[in-house]
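The values are calculated or read from the model by the stated rules, or taken from the named source; none is laboratory data. All values derive from a computational prediction rather than experimental measurement. Quick reminder, even Gly has a Cβ in these numbers, built from the backbone with ideal geometry, and neighbours come from all protein chains shown. Side chains included, ligands, DNA and RNA excluded: accessible areas come from the protein's heavy atoms. Shrake-Rupley method; radii C 1.70, N 1.55, O 1.52, S 1.80 Å.
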Amino acid sequence: MKNKVKLASFLALSVTAANAQLADGRMNIVYIMVDDQSFQSISAYGHPLSKLAPTPNLDRIAENGLLFNCAFVENSISAPSRATLLTGLYSHQHGQTRLDGGLQSDKHFFTEYLQQAGYQTALFGKWHLKVEPKGFDTYKILNDQGEYYNPVFRTPESNGEFIREEGYATNLITDDAIEWLVQRDRDKPFCIMVHHKAPHRNWMPDLQYLDLYEDITFPEPATLFDDYNTRGDQMRTHELSVANHLGYAFDLKVRQLQNEPTLKYIHNSFYIAMNSMNEKQLKVWNEVYDRKNKAFLASRPTGKELVSWKYQRYIKDYLRTIHSVDVQVGRILDYLENNNLMNNTIIVYTSDQGFYNGEHGLYDKRFMYEEAFRTPLLIAYPSVKKKGGKCNELVQNIDYAPTLLNIAGVEVPKEMVGASLLPLLKGEKVDWRKSVYYQFYDYPSVGRTRKHYGIRDNRYKLIHWYGEGKQKDKDIDYWELYDLKKDPTEVNNVYDNPKYKKVQERLFYELQKKREEIHAIE
Ligand code: CA
């Protein structure tokens, strides 16, 4: 009975009697997770991109709690990250190391423990795992990646059948979440998980925002034209660059160029994405993008000018989908405020991983370079020590399950490897981890990102690229070391540089020690 759950006494809970509005005084949990959002796109983080496309509602969460500057995932890709959130385990421990199945059915989800402890639990939106949701009183989930327009959902009652709903995914998921909050049992605490499809590729904005930011030119990141000098083969063979791997029709919305050569999966995805729109929606969509495409089709820029054009088209649509998220998160926050729930509810806002907004010439995730490894994390918490504060401790998505159980006063099962963030929220002095471990396994796959693992402390990052090359790739055994203080954009690999001999030895030792400790696999 290792995982037997027992309720902690109410005295141990962080919420004070004065704050408590529930009969039993336990905290409610609102967990909002988006798909592929960068910290660069949340204005609370202060990045130049978000200054031009602010997210006032997401910032409200930070204002009511803590912004985590150094939050990371342990594997920067959807399904593994989602399984880690639910189980509190590293990818190789729960089995979902890659996008395809693998999550071991005997692993427990933290929601199961909450449910056993008397929490009302619900999940709305993206699921993206092959196993059934466990520990939810109710759920309404998208099919696989989900669609932006008129998506299909299934529920425990739909008997495996997906049912199509008219509307825009971000809005529909929010409607469902608020509807559930309204009908909930007021005498019991709740945990609601709201998992948006946005801002995932192919970045399809809501019709009303198709022209938002149209007159703005967003700043390009310093490394948009990274030449990968000092980097290994993995940066020359990937298929995730703004310059060469965005589909004209699918990603860039130039339907006039739908027959331009592109990767096969991008070509097929275009028809799938467009098929979910109804005639009326498609008419509005085509009118707007046809108008926008006119000048581009007339001039057909080349070289760097073309890359810059692609970047603007990509980043604007990406930020437009985030604008919808911001507005819809605002509706949930309004509900919580209007119903006097801010004082006994923790609100977690995060993404399943970070994302490249052109850094290193990339538009995706997967790599251990900062923007995808690092992930936005904002937590509103009534008993936070300093509202609007910033935390620079190294936290990771293995910490979410222990944190939410801890908040609920439920004992954290020993098998969970992360640590509760509650002491950080309360501003308590605590002996925190000094480094975080990362591993990416999904190769060969979309994007051709090579397998790698590594370790990052508060200044340095060591990465090992490894594994047999498939198809046209060579075998790889390559190391990288970055000094993030001197080289924050990670363009200067200093591995084997004599000046960094000691640092390299220390990190190498720490990495091996960590891999042994967690029984890491190749
Ligand atoms: Ca994702």
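At a glance:
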item: Test for Tyr466: is it under 24 Å from His92 (Cα atoms), open to solvent by less than 50 Å² (accessible area, probe 1.4 Å) and not in a loop (DSSP other than H, G, I, E, B); result: yes
item: Filter result for Lys365 (within 13 Å of the ligand (Cβ to nearest atom) and open to solvent by 10 Å² or more (accessible area, probe 1.4 Å)); result: yes
item: Residues of region 30-48 that turn out to be away from the ligand (no atom under 16 Å from the Cβ) and either surrounded by fewer than 24 Cβ atoms within 10 Å (Cβ to Cβ) or part of a loop (DSSP other than H, G, I, E, B) (or both), as a count; result: 6
item: Subset of region 215-237 [open to solvent by 40 Å² or more (accessible area, probe 1.4 Å), among the charged types (D, E, K, R) and at pLDDT 95 or above]; result: Asp215, Glu220, Asp227, Arg236
item: Failed criterion for Lys390 (all others in (1) more than 15 Å from the ligand (Cβ to nearest atom); (2) crowded, with 24+ Cβ neighbours inside 10 Å hold); result: (2)
item: Single unsatisfied condition, Gly118 versus (1) of a type outside the set (A, V, I, L, M, F, W, C); (2) over 30 Å from Arg448 (Cβ atoms); (3) open to solvent by 50 Å² or more (accessible area, probe 1.4 Å); result: (3)
item: Number of positions in region 331-362 that are within 16 Å of the ligand (Cβ to nearest atom) and either within 19 Å of Asn75 (Cβ to Cβ) or open to solvent by 10 Å² or more (accessible area, probe 1.4 Å) (or both); result: 8
item: Residue in region 194-214 that is surrounded by fewer than 16 Cβ atoms within 10 Å (Cβ to Cβ) and part of a loop (DSSP other than H, G, I, E, B) present; result: yes
item: Selection status of Arg313, over 19 Å from Leu58 (Cα atoms), more than 16 Å from the ligand (Cβ to nearest atom), modelled with pLDDT of 95 or more and surrounded by 16 or more Cβ atoms within 10 Å (Cβ to Cβ); result: yes
item: Number of the exception - Asn64 against (1) within 16 Å of the ligand (Cβ to nearest atom); (2) open to solvent by 10 Å² or more (accessible area, probe 1.4 Å); (3) within 19 Å of Ile332 (Cβ to Cβ); result: (1)
item: Selection within region 408-431 - charged (D, E, K, R) and within 16 Å of Met27 (Cβ to Cβ); result: Glu411, Lys426
item: Subset of region 172-223 that is basic (Lys, Arg) and more than 29 Å from Asp251 (Cβ to Cβ) - its residue that is farthest from the ligand (Cβ to nearest atom); result: Arg186
item: Count of region 480-494 residues which are part of a loop (DSSP other than H, G, I, E, B) and buried (at least 17 other Cβ atoms within 10 Å of the Cβ); result: 4
item: Criterion: hydroxyl-bearing (Ser, Thr, Tyr), crowded, with 22+ Cβ neighbours inside 10 Å, out of contact with any His (no Cβ under 7 Å at 6 or more places or on another chain) and under 30 Å from Lys365 (Cβ atoms) - qualifying residue of Thr174, Thr170; result: Thr174
item: Region 67-104, residues that are within 16 Å of the ligand (Cβ to nearest atom), assigned to a loop (DSSP other than H, G, I, E, B) and under 15 Å from the mean Cα position of the chain (by Cα); result: Val73, Glu74, Asn75, Ser76, Ile77, Leu99
item: Selected residue (criterion: nearest to Tyr466 (Cα to Cα)) from residues of region 495-522 that are not in a helix (DSSP H, G or I) and not β-branched (Val, Ile, Thr); result: Glu522
item: Among (1) surrounded by fewer than 19 Cβ atoms within 10 Å (Cβ to Cβ); (2) touching a residue at least 40 places away in the same chain (Cβ under 8 Å); (3) closer than 26 Å to Met27 by Cα, the one test that Asn150 misses; result: (3)
item: Cβ pairs under 6 Å, 6+ apart, first in region 73-93 and of a type in the set (Phe, Trp, Tyr), second within 16 Å of the ligand (Cβ to nearest atom); result: Tyr90/Glu74
